[in-house]
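Working notes, beginning with the structure itself.
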Amino acid sequence: MILDDSMTNCLFTYGYVAVTADFCVQFRHPVATEKQAIVRAWMTYSTPPFHELKAEIVQNGQIKTIATGRFVEQPQLLKKAHSQTFKGPTEPVR
């Protein structure tokens, strides 16, 4: 879902690797397909390892959808993903 992804990317900009613990969406108005929309996300509360964020989809100046998400840091996921990708500095896993 685009709103969850935007919140996760927001967390990445702060250097956090986290997973979604809770997610709530309010659909206010239909989003028109094949029309430009703005997706934005921001942090509303942060006490590591817990973070709360909000995100919204805006189209034609109108908020169409808004979401609130709570996230829990999982830094070991980054280490695990990196260790599965490379055996060493220049050797890819086969």
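Every number in this text was worked out from the coordinates using simple rules, so none of it is lab data. Quantities reported herein were computed from a predicted structural model and do not represent experimental measurements. A quick note on method: Cβ atoms are made from the backbone with ideal geometry, for glycine too, and the neighbour counts reach across all protein chains shown.
The order of H29, H51, going from fewest to most other C-beta atoms within 10 Å of their C-beta, is H29, H51.
Can you give me the Rg/Rh ratio for segment 2-85, using Cα atoms for both radii and the Kirkwood formula for Rh? Don't skip to the answer; put the middle values down first.
Values: Rg = 14.4 Å, Rh = 13.7 Å.
Here Rg/Rh amounts to 1.05.
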